[in-house]
């Protein structure tokens with residue numbers, strides 16, 4: 001099943017629409033290998049590249065994807081467990097700077113992304129139909145657990161696409 005438009009804020013539609021099919025667990029599992037293969041092809045030197053002033057480096061993009069997955073999985077956990085309080089938002093640019101990702105090795109950042117996904121999968125797989133349909137509030141917006149699962153996958157796809165199209169094409173071009 002796929003989330004319906006009334007299960008998430010409209011600004012997440014772009015991420016959700018990037019995911020084909022209705023087996024979100026399979027998509028999340030498959031992304032581990034495809035993402036690792038792609039990101040491991042980026043050298044340490046290239047990982048500090050940014051395509052325009054004020055844009056993140058490749059390392060910061062990878063760190064951001066990892067941070068976002070952690071946050072979305074936490075939101076899914078809380079909502080699946082019937083949390084009634086609104087979960088906080090986060091300022092992605094502040095997180096990217098505070099994460100000090102540029103001082104880390106790209107290999108370590110890529111491995112951390114893999115480990116985070118592998119750690120989240122047992123949780124996401126444990127959700128039954130009732131939990132997946134559960135609605136809660138994050139960043140003062142209503143959302144379902146199913147939508148959060150699609151957002152995790154779609155957000156990663158979105159940033160990998162940006163890395164391919166805006167970073168690596170210019171870097172290699």
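Rule-based calculations on the coordinates, nothing more; no lab input. This one's a predicted model, so the numbers in the text were calculated from it and none came from an experiment. Here Cβ is always computed from backbone atoms with ideal geometry, including for glycine, and neighbour counts include all displayed protein chains.
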| said: Restricting to DSSP H runs of at least four residues, report the calculated mean residue ellipticity at 222 nm for the chain, -39500 (n - 2.57) per run over all residues, nearest 500 deg cm²/dmol. | reply: -18000 deg cm²/dmol
| task | Report, in degrees rounded to the nearest 10, the 0 to 90 angle that the Cα long axis of helix 106-126 makes with the longest principal axis of the chain. | result | 10 degrees
| task | Compute the long axis of helix 24-39 from its Cα atoms, compare it with the longest principal axis of the Cα atoms of the chain, and write down the angle in degrees, 0 to 90, nearest 10. | result | 10 degrees
| task | Could you please state, rounded to a whole Å, how far the C-alpha centre of the range 54-79 is from the C-alpha centre of the range 98-141? | result | 7 Å
| request: Choose one answer from 134, 22, 45: the residue with the largest mean-square fluctuation in a GNM of the chain with alpha-carbon springs under 10 Å. | output: 45
| note | With a ≥ b ≥ c from the Cα gyration tensor eigenvalues, square-rooted, and the rule rounded for a/c under 1.5, otherwise prolate when a/b > b/c and oblate otherwise, the range 77-131 is oblate
| Fully extended, how many nm does the chain gain between residue 13 and residue 161 (0.36 nm per residue separation, minus their Cα-Cα distance)? | 51.7 nm
| request: Taking 7 Å along the Cα-to-C-beta vector as the label spot, tell me the residue 98-residue 119 distance in nanometres, rounded to one decimal. | output: 1.8 nm
| query | Relative to the first principal axis of the alpha-carbon coordinates of the chain, what is the inclination of helix 145-162, with its axis defined by its Cα atoms, in degrees from 0 to 90 and to the nearest 10? | reply | 20 degrees
